[in-house]
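Input: a single structure, listed below in structure tokens.
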Amino acid sequence: MANADVPNGLKPVRTLTGSPYNGATRRAVHAAGDSVELFIGDLVKLTGAGDATDNLPVVAQAAAGNSVCGVVVGMEPDYGDLSIHYVAASTRRIVYVAMDPNLIFEVQEDSTGGSIAVASIGLNTDVVVGSGSTTTGISAMELDSSDVGTSAGQLKLLQLAQREDNALGDNASWEVMIAEHQLRDTVGTDV
């Protein structure tokens, strides 16, 4: 059976110790001056700024190659319009970020230039940033299949996601850890 092509960003599944993900998050702010939309499942980076209103760190969507601090797993409601499930461009909104450096995430590969081989386990790759859904609020980030092992890489491949509806090949889902995590980086941040 072929894997469905349904990019949906990164989803936390468990910790490195094997414990299930318990939903722990940290609050952060998407700044009103940020012209990039933010979706559930997007990798984010600390910008090096703080939000004076709520005294929280400011985050922005991470591009390929950026060091990151975690993944957006939710956001506070937009009380002006409860049907908005993402952070619109140039909108200040509080987001919930899974920031634990020991989290394991599941993410689909883009299969551009071929699918990721099982021999690539342990190698790093970056993400490809797609256009998230303004209807569902879900990210379109995927693993960059053509970048595996060619750079330091944001994410480390751990294993193929072990599910009945997932098989090695095009659009496979993988379990990964953040390899370039800003909360582990003792040198500084890459903003």
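The values are calculated or read from the model by the stated rules, or taken from the named source; none is laboratory data. This one's a predicted model, so the numbers in the text were calculated from it and none came from an experiment. Don't worry about glycine lacking a Cβ; one is built from the backbone with ideal geometry, like all the others, and counts go over all protein chains shown. Heavy atoms of the whole protein, side chains included, go into the accessibility calculation; ligands, DNA and RNA do not. Shrake-Rupley method; radii C 1.70, N 1.55, O 1.52, S 1.80 Å.
A compact table of results
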| read-out | value |
| --- | --- |
| Gain on full stretching of the segment that runs from S90 to L16 - 0.36 nm per residue minus C-alpha separation | 23.1 nm |
| Sequence-distant residues sharing a close amide H with G132 (under 5 Å, placed H) | A140 |
| Peptides ranked, highest mean first, by Cβ atoms within 10 Å: ranges 170-180, 48-58 | 170-180, 48-58 |
| In Hz, Karplus ³J(HN,Hα) per residue of the stretch 128-133 (6.51, -1.76, 1.60; θ = phi - 60°; x = Gly, Pro) | 10, 8, x, 8, x, 8 |
| Percent carbon-and-sulfur accessible area, the stretch 38-191, ignoring ligands, DNA and RNA, probe 1.4 Å | 51 |
| Where the chain is the region considered: accessible area per residue in Å², 1.4 Å probe | 46 |
| Hz values of 3J(HN,Hα) by residue in the stretch 91-97 - Karplus curve (6.51, -1.76, 1.60), Gly and Pro given as x | 10, 7, 7, 7, 10, 9, 10 |
| Mean Cβ neighbour count within 10 Å, used as a protection proxy, ranking 99-111, 60-72, 10-22 highest first | 60-72, 99-111, 10-22 |
| The chain - charge dipole about Cα centre, Lys and Arg +1 at Cβ, Asp and Glu -1, debye rounded to 20 | 520 |
| Amide H partners (placed H, <5 Å) of N102, local residues excluded | none |
